[in-house]
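First the structure, in the form of structure tokens, and then the observations on it.
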Amino acid sequence: MKTLSVSQPWASVICSGIKDVENRQWQPAEVPGRILIHATSAKVPQYFENQPDDYISSVKNCRLMGQIPEYKEMPYGSIIGYVDCYDIVKDAPSYWAAPGSTHWCLKNAFLFDEPIANVKGVRGHLFDFDIDEDNLPAAQKVEVQVPIIKGKNLTMPASKEVIMNVEAGGKELFYDLDFLFFNIFFAQNFTKKIMS
């Protein structure tokens, strides 16, 4: 089955159904359809969230809201799920579409209950992994936790780490409010997709 190597945390964001475009500087000869997502062995660097990047701030919010695991708990060097790549374009209408890149449009993301560990990936092109597409390991669509606006109240989901911090007496939450609009925008569009 065709497999795409993606570094963390992006692999987890894709398989959690949050990131609907993968940006590449290359494209295959044809749209690949269903592909496995391989999380590379490169660990998320400690300074990751300190970089001045809109996407990174959105990922930080996703982590704090419990939409993706803590970086140290993410699987590495593993195939973690699959997604349908239904189109490859230059102008995808997605928040995740980086200008100047080729946009792999993604939908129907699933995360394996248990990652397929110790898989060496290949950078720069799709690679074949010997698995039957009709007999994939148990997987699930991740229930995405999103902010809820009700009247004047904003209810924020929180990861276990954030909840434990609050229960231990922590008085501050460090969501990146500059990019919270994305998480709220995502929540509104995610709800529309579910209801339609």
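Starting from the Cα gyration tensor of segment 1-67, take the square roots of the eigenvalues, sort them a ≥ b ≥ c, and report rounded, prolate or oblate (rounded when a/c is under 1.5, otherwise prolate if a/b is larger than b/c, else oblate).
Prolate, since a/c reaches 1.5 and a/b exceeds b/c.
Largest first, what is the accessible-area ranking of ARG63, ARG123 with a 1.4 Å probe?
On the way: ARG63 25, ARG123 155 Å².
I get ARG123, ARG63, largest accessible area first.
Could you run the Karplus curve 6.51 cos²θ - 1.76 cosθ + 1.60 with θ = phi - 60° over segment 99-110 and give me ³J(HN,Hα) per residue in whole Hz, x for Gly and Pro?
Along segment 99-110, the couplings run x, x, 9, 8, 9, 7, 7, 10, 7, 6, 7, 10 Hz.
Using a 1.4 angstrom probe and counting only protein chains, how large is the accessible area of LYS43 in Å², to 10?
Result for LYS43: roughly 130 Å² accessible.
What shape does segment 27-135 have by the C-alpha gyration tensor, where a ≥ b ≥ c are the square roots of the eigenvalues, rounded means a/c under 1.5, and otherwise prolate means a/b greater than b/c and oblate the rest?
oblate
What figure, in Å² to the nearest 10, do you get for the accessible area of ILE18 with a 1.4 Å probe and non-protein molecules left out?
0
Past 21 Å, Cα to Cα: identify those pairs from LYS72/LYS107; LYS43/LYS141; LYS60/LYS90; LYS43/LYS120; LYS19/LYS141, in the order given.
Distance filter (> 21 Å) returns LYS72/LYS107; LYS43/LYS141; LYS60/LYS90.
Give the relative contact order (percent, whole number) for segment 1-85; include only Cα pairs under 8 Å separated by 6+ residues.
About 46 percent, as a whole number.
The values are calculated or read from the model by the stated rules, or taken from the named source; none is laboratory data. Bear in mind that the values here come from a model prediction, so they are computed numbers and not experimental data. The accessibility values were calculated without ligands, DNA or RNA, using every heavy atom of the protein model including side chains. Shrake-Rupley method; radii C 1.70, N 1.55, O 1.52, S 1.80 Å.
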